[in-house]
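The values are calculated or read from the model by the stated rules, or taken from the named source; none is laboratory data. In this text, all values refer to a predicted model and were calculated from it rather than measured experimentally. Using ideal geometry, Cβ is built from the backbone for each residue, glycine included, and neighbour counts are taken over all protein chains shown.
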Amino acid sequence: MKPEQLAEFAWGLAASGHHFLWSIRDDVIRSGGQPPAFTAETAARCRVTAWCPQEKVLRHPAVGCFLTHNGWNSTSESMAAGVPMVCWPGFADQVHQLQVRLRGVGVGVRLDAEVRREQVAMHVREAMGSEEIKASAARWKAEALAAICPGGSSYENLLSMVRTLCSSSPNPDA
């Protein structure tokens, strides 16, 4: 991430008016730094960290949306937690995740490739305020939960795989 992009994200999050947790790698922060005025302006409603237990954070009821690059895990964890997304895909599977998993299901909004603070603020407010986006995210959370419960597709597929592995084991007692 370029220092200019980091600054646009910082000021966009600040302008959203919401409390936020910003998990950003140390090397990204060191390369661009945070503007001192940003730190002072957001001190009461911002926590910056180099790492967080993402899945646990996404499942916390205080989380209103997730600003993400749309990698496989980030997108899957957000959908399973029922959290609306503000998306900024960069490369590889990230663009594909956005196209396949978000456009058709309505659980997020996309930032332009050239990130601008006004758009970051607007999309954070939209993702957190849209009843349609929140309802869609809640539906996908329910679908994910149903899939992992007994009788659900993920549960049954995993059970089938375990049965297959056990039946093909050279040691039947294993």
Looking only at segment 37-71, which residues are assigned to a helix (DSSP H, G or I), farther than 15 Å from LEU13 by Cα and free of Cβ contacts under 8 Å to residues at least 12 places away in the same chain? LYS56
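Tally up the residues in segment 73-102 that are of a type outside the set (A, V, I, L, M) and more than 21 Å from ALA146 (Cβ to Cβ), please.
Just the residues of segment 73-102 that are of a type outside the set (A, V, I, L, M), to begin with: 73-78, 82, 84, 87-91, 93-94, 96-97, 99, 101.
Among the residues that remain, those that are also more than 21 Å from ALA146 (Cβ to Cβ) are: 74, 87-91, 93-94, 96-97, 99.
Selection size over segment 73-102: 11.
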With (1) over 17 Å from ARG25 (Cα atoms); (2) crowded, with 20+ Cβ neighbours inside 10 Å; (3) not β-branched (Val, Ile, Thr) as the list, and GLY106 as the residue in question, which single condition is left unmet? (2)
Which residues, taken from segment 63-81, are touching a Leu at 6+ places or on another chain (Cβ under 9 Å) and over 12 Å from GLY108 (Cβ atoms)? VAL63, GLU77, ALA80, ALA81
Within segment 72-87, the residues that are in a helix (DSSP H, G or I) and β-branched (Val, Ile, Thr) are THR75
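Look through segment 35-90, keep the residues that are among the charged types (D, E, K, R), surrounded by 15 or more Cβ atoms within 10 Å (Cβ to Cβ) and more than 10 Å from the chain's Cα centre (by Cα), and return whichever of them is modelled with the lowest pLDDT. Full working, then the answer.
Within segment 35-90, the subset among the charged types (D, E, K, R) is 41, 45, 47, 55-56, 59, 77.
Next cut, surrounded by 15 or more Cβ atoms within 10 Å (Cβ to Cβ) only: 41, 59, 77.
Narrowing further to those that are more than 10 Å from the chain's Cα centre (by Cα): 41, 59.
Working: GLU41: 89, ARG59: 97.
The residue in question is GLU41.
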